[in-house]
1. Based on DSSP H assignment, which helices of the chain show an axial Cα extent of at least 15 Å together with a mean Kyte-Doolittle hydropathy greater than or equal to 1.6?
2. Once you place label points 7 Å from the Cα toward the Cβ at ALA391 and ASN90, how far apart are they in nm?
3. How much length would be gained if the chain were fully extended between GLN169 and LYS418, taking 0.36 nm per residue of separation minus their Cα-Cα distance, in nm to one decimal?
4. Evaluate the relative contact order of the stretch 2-330 (contact order divided by residue number), counting alpha-carbon pairs under 8 angstrom at least 6 apart; express in whole percent.
5. Roughly how many whole Å is it from the C-alpha centroid of the stretch 21-68 to that of the stretch 307-323?
6. Comparing ILE196, ILE138, ILE228, which has the greatest mean-square fluctuation in the GNM of the chain with Cα pairs linked when under 10 Å apart?
7. Can you give the log10 of the normalised intensity I(q)/I(0) at q = 0.15, 0.24 Å⁻¹, computed with Debye over equal Cα scatterers of the stretch 346-421?
8. For the pairs LYS124/LYS361; LYS102/LYS292; LYS139/LYS380, note any where the Cα-Cα span goes beyond 32 Å.
Amino acid sequence: MCLAVNLLSAQDYTSFFIGDTNDLSTNPEFGICLMGGAGESDEAMQWFLNLADGGDVLVLRASGGDGYNDYMFNQLGVNLNSVETIRVDNSSGATSAYVLQKISQAEAIWFAGGDQADYVNFFKDNAVEDLLNEHINIKQYPIGGISAGMAIMGEYYFDALNGTVTTTQALNNPYDSRVSLGHSDFLNNPLLEKVITDTHYDNPFREGRHMAFLARLQEISGERVFGIGIDEFTAVCIDENGTAKIFGDFPNFDDYAYFIQVNCLTDSSPENLVANQTLNWNLGQQAVKAYKVAGTTDGSNQFDLNTWESGIGGEWQNWWVDQGNFQFQSSSAIDCTTFSTANFNLTEIEIYPNPTRDILKLQSRLSIQKAEIFDLLGKKIRSYDLESTSASLELKDLKQGLYVLKVVLENSENQTFKIIKN
């Protein structure tokens with residue numbers, strides 16, 4: 001039965017539906033689609049919707065109406081069973097039985113634009129968060145979003161709980177209350193580990209505030225951190241293998257995406273990161289490396305999120321902040337070889353392939369004493385006594401999903417890794 005309907009329930013949420021009301025189970029492919037805002041890329045949206053394999057698409061939003069329904073269902077030439085938009089007005093609406101059921105049944109989930117603070121307030125730390133992470137990691141179904149919907153996709157995110165913040169404000173005081181950042185406590189997108197996204201990159205100018213985000217998150221996490229910034233009419237589509245395709249309308253328009261990362265330096269800490277003072281993060285004009293790449297209608301330009309070191313069709317830049325002023329220049333590609341050898345040659349552990357279907361291989365310079373696998377609830381489900389510098393873990397009979405691998409070395413050092421079983 002095919003129809004278009006509007007449903008209102010207790011003023012906590014509103015549903016807009018088009019398509020077949022009978023739920024259809026298909027075989028989706030995993031992928032993440034990020035759009036910078038202002039307008040959708042038709043080609044990127046087609047890429048995303050095709051991952052649903054003709055199933056049911058759910059659009060979640062906290063404002064607006066049913067604009068996505070006809071666009072996704074009728075205008076892009078992708079066969080779908082249904083498209084349903086649910087506008088959630090509060091946390092009660094988000095956790096209603098109807099909304100939870102629709103999230104659990106969706107083959108693809110799309111977050112509309114708006115205010116990401118609403119998504120954090122309505123969907124975080126409740127059953128919705130659990131279902132979204134099940135959608136991503138257990139089912140391995142596609143997910144994506146535009147503007148505010150893109151902003152929440154990384155392990156780290158700008159939550160906007162205290163309102164938005166401009167580049168000038170963030171660089172003049174990286175500890176401004178408006179620089180409100182979430183980290184490792186919402187969506188668990190394994191391909192966006194240690195990543196913070198930022199949207200509307202070209203309008204307004206946001207490279208500088210992204211630098212402030214990276215500086216703060218590096219201090220919080222104690223690790224190198226990464227970012228993806230996207231212009232308003234540009235999209236980044238990441239497949240299950242970690243290859244990012246960039247869609248846009250270049251060369252007709254300057255549609256770019258930026259893949260940024262703290263540079264591989266012995267000490268990458270900012271020269272000055274203090275509350276109520278301007279950020280100074282220079283490090284010889286090479287504090288951050290960025291790969292700038294144009295989006296095209298065929299998505300032929302790419303970047304590898306497995307290594308963060310190689311791409312097609314882009315150029316490398318150095319980014320830095322000089323006394324609160326963002327600067328950049330063309331540069332060579334990032335090179336972490338010297339950094340890795342000098343700092344981690346005694347404890348480095350190589351884990352591959354990840355994701356894996358059958359065998360997970362471990363290689364270390366030190367003897368690996370033990371390996372343990374835990375589920376996302378912290379329950380230990382596998383333990384291996386190894387006492388070797390290399391090992392192969394048999395995972396064929398493990399259910400698909402995201403797991404945590406703990407490795408114990410001969411010097412009693414513990415290291416943990418996220419692994420994906422396909």
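What follows is calculated from the coordinates using simple rules that are stated; it is not laboratory data. Since we're looking at a predicted model, the values are computed, not measured. Every residue, glycine among them, receives a Cβ derived from its backbone with ideal geometry; neighbour counts consider all protein chains shown.
1. Helices passing the filter in the chain: none found.
2. Going from the ALA391 label point to the ASN90 one covers 5.2 nm.
3. 86.1 nm
4. Across the stretch 2-330, relative contact order equals 16 percent.
5. If you average the Cα positions of each part, the centres end up 30 Å apart.
6. Answer for the Gaussian network model of the chain: ILE138.
7. -0.44, -1.14
8. Violating the 32 Å limit, Cα to Cα: LYS124/LYS361; LYS102/LYS292.
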